[in-house]
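Take a look at the structure below.
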Amino acid sequence: MVDMRLAAGDQAGALAAHEESLTIRRKLAAAEPDDAGWQRSLSVSLDTVGDMRLAAGDRRGALWAYEESLAIARKLAAADVGDTARQHDVRVSLIKMADVWLEMGDQAGARSTYEESLAIGRKLAAADPGNADWRREFSVGLERVGDVRLAAGDRPLHSPLTRRASRSGASSPPPMQAMPAGSPTLR
């Protein structure tokens, strides 16, 4: 029903349906407060409502939903620190919140929240180096933190290339060498 409403362009109807679903999930989670499945379901529902509110331009409403989702995700993650899926849920909620902070113009809030999500991403990637999804998400997290830092005017004084160049006495990194004519190009 929600997908049909969205397909028909009825964003308000879709949001109302998601909020009705959220009300039901709240009752189920309240009736079984120790059931991690119901608690996670409530957290996911809150993220969805947050997404819908954000799409409708209600940033404060989205942030409220994401904050509540994050509180639940943190509680579940703390109850089982070895469960990477629960750690990932915390990371997802943090990213959603940081995105809203950024849209609202709060660079500092976005930066600290992205950095917290990045710390979780780093742990997930390190815990399972063979997991390409964790590594990809970690690299995206690095880009987000870097973008926010650059937007805030945080310019690195020395990149790895400039540090090597300054140790060798050069004033800047060596220039890129042109590829010889006829060399294959990367695409």
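The values are calculated or read from the model by the stated rules, or taken from the named source; none is laboratory data. All values reported here derive from a predicted model rather than from experimental measurement. Glycine gets a Cβ as well: all are built from the backbone with ideal geometry, and neighbour counts include every protein chain shown.
For Pro33, the conditions (1) under 15 Å from the mean Cα position of the chain (by Cα); (2) more than 17 Å from Thr113 (Cβ to Cβ) are fulfilled apart from (1).
Quick one: would you say Arg5 is at pLDDT 95 or above and charged (D, E, K, R)? Talk me through it step by step, then tell me what you get.
Values: at pLDDT 95 or above: no; charged (D, E, K, R): yes.
In short, no.
Residues of the stretch 47-63 that are touching a Lys or Arg at 6+ places or on another chain (Cβ under 8 Å) and closer than 20 Å to His88 by Cα: Asp47, Gly50, Asp51, Ala62.
Condition test on Glu103, is it of a type in the set (Asp, Glu), at pLDDT 95 or above and either in contact with a Leu (Cβ under 9 Å, 6 or more places away or on another chain) or under 23 Å from Gly13 (Cα atoms) (or both)? In short, no.
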